[in-house]
1. Tell me, yes or no, whether segment 7-18 has at least one residue that is assigned by TED's automatic domain parsing to the domain that holds VAL194, loosely packed, with under 14 Cβ neighbours inside 10 Å and either over 23 Å from the mean Cα position of the chain (by Cα) or at pLDDT 95 or above (or both).
2. Would you check which residues across segment 69-90 are crowded, with 21+ Cβ neighbours inside 10 Å and in contact with a His (Cβ under 9 Å, 6 or more places away or on another chain) and list them?
3. I need the full set of residues from segment 164-197 which are more than 20 Å from SER141 (Cα to Cα), surrounded by fewer than 18 Cβ atoms within 10 Å (Cβ to Cβ) and touching a residue at least 12 places away in the same chain (Cβ under 8 Å), in order please.
4. Can you find even one residue in segment 92-102 that is more than 27 Å from GLY39 (Cα to Cα), assigned by TED's automatic domain parsing to the domain that holds ARG57 and assigned to a helix (DSSP H, G or I)?
5. Could you tell me which residue of segment 80-100 is nearest to the chain's Cα centre (by Cα), considering only residues that are of a type in the set (Val, Ile, Thr) and farther than 17 Å from GLN146 by Cβ?
6. Looking at ASN125, is it loosely packed, with under 14 Cβ neighbours inside 10 Å, modelled with pLDDT of 95 or more and over 30 Å from GLN220 (Cα atoms)?
7. Among the residues of segment 121-135 satisfying the criterion of being of a type in the set (Gly, Ala, Ser) and farther than 22 Å from GLU180 by Cα, which is nearest to the chain's Cα centre (by Cα)?
8. Look through SER112, SER141, SER134, SER152 and report the one residue that is of a type in the set (Gly, Ala, Ser), under 27 Å from PRO65 (Cβ atoms) and surrounded by fewer than 21 Cβ atoms within 10 Å (Cβ to Cβ).
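The values are calculated or read from the model by the stated rules, or taken from the named source; none is laboratory data. Since this is a predicted model, take the numbers as computed values, not measurements. For neighbour counting, all protein chains shown are included, and Cβ atoms are generated from backbone atoms with ideal geometry for every residue, glycine included.
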Amino acid sequence: MRRGDDSGTIDAVIEATQLSKRYGNTLAVDDLSFRVSSGRVTGFLGPNGAGKSTTMRMILGLDNPTSGSVHIDGKHYRELRNPLRTVGALLEAGWVHPNRSARNHLRWIARSNELPRKRVDEVLNLVGLSSVASKRAGGFSLGMLQRLGIASALLGDPEVLLFDEPVNGLDPEGIHWIRELMHTLAEEGRTVFVSSHLLSEMAQTAQDLVVIGRGKLIYQGTTDDFVSNATAQSVRIRTPQLGELKTVLDRRELTFTEADGSVTVFGSEAAALGDLAFGEGITLHELSPQRGSLEQAFMQITGEAVEFHAEERPAD
């Protein structure tokens, strides 16, 4: 796979430029531009109806853009001679003939892209399906189908990997496995682009994010920056002199909440609060900055881009 400083590494990237897709009167993707670099896991986030699946289909040449373009290593997908050697994708895990065995399903895919037959058993072992390789896919659970779909994506040992909801149907062990797999693939220098609704999982998996809403780009950058820029700074404080601390915070007109014998102060740095408590003779047992969650940041940033809002229940 042409990696390493002295092995002719290819900086395999996905680049969308002013990408738009219209279905009748519906503009699913609207002038979308972004770049996904190699060597990192990039999460693709957005509310339902944001245009994520449509964008992924355009990357893979399954849908044609109404305008704009998307390239992989500077080429359209249709220009790739043996596409599985460059791009591997999991979009719909259930896309497999129910009467075919897992091994035969992968063999005909390998043959279509001139891939060595031995690679089939290698990826079956990699995804943990060797023991059921001869069984019909129609009897597979959703989690097993997900693993088979991931095996299909890895079959050509590609530089670029696209995963749409890869953890669907996986148990906790399977979720941990796919997370570690994506990290390993990125560390090898591959481009890993993954869409998921499980924000807690994306917080542990993705180093970078592309966030869209109503087909438009909302954010592109690191996950850490997305969270820190969108969520309010806060510091949790524990003290045996809670009443005195609250009086000091009120006097300084600082915003805080109280729960479980501690206070969380918003809009101040830990060092400044520590100095304040010291100056007032207040003993502190805990002074810890609190990092906002990816879920909090996502809800705050994409709130206005949600297509369908749940109606609030009227009060009884």
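1. Looking through segment 7-18, at least one residue is assigned by TED's automatic domain parsing to the domain that holds VAL194, loosely packed, with under 14 Cβ neighbours inside 10 Å and either over 23 Å from the mean Cα position of the chain (by Cα) or at pLDDT 95 or above (or both).
2. VAL70 - this is the single residue of segment 69-90 that is crowded, with 21+ Cβ neighbours inside 10 Å and in contact with a His (Cβ under 9 Å, 6 or more places away or on another chain).
3. Passing the criteria: HIS183, GLU187, GLU188, HIS197.
4. Of the residues in segment 92-102, the ones more than 27 Å from GLY39 (Cα to Cα) are 94-102.
Next, only the ones that are assigned by TED's automatic domain parsing to the domain that holds ARG57 stay: 94-102.
Those still in the list that are assigned to a helix (DSSP H, G or I) too: 102.
Among the residues of segment 92-102, at least one is more than 27 Å from GLY39 (Cα to Cα), assigned by TED's automatic domain parsing to the domain that holds ARG57 and assigned to a helix (DSSP H, G or I), which makes the answer yes.
5. Narrowing segment 80-100 to residues of a type in the set (Val, Ile, Thr): 86-87, 96.
Retained after the next criterion (residues that are farther than 17 Å from GLN146 by Cβ): 86-87.
On the way: THR86: 21, VAL87: 18 Å.
Out of the qualifying residues, it is VAL87.
6. On the way: loosely packed, with under 14 Cβ neighbours inside 10 Å: yes; modelled with pLDDT of 95 or more: yes; over 30 Å from GLN220 (Cα atoms): yes.
When the stated conditions are applied, ASN125 passes them.
7. First, pick out the residues of segment 121-135 that are of a type in the set (Gly, Ala, Ser): 128, 130-131, 133-134.
Filter again for farther than 22 Å from GLU180 by Cα, leaving 133-134.
Values: ALA133: 29, SER134: 32 Å.
Across segment 121-135, the extreme among qualifying residues is ALA133.
8. None of the others qualify; the one that does is SER112.
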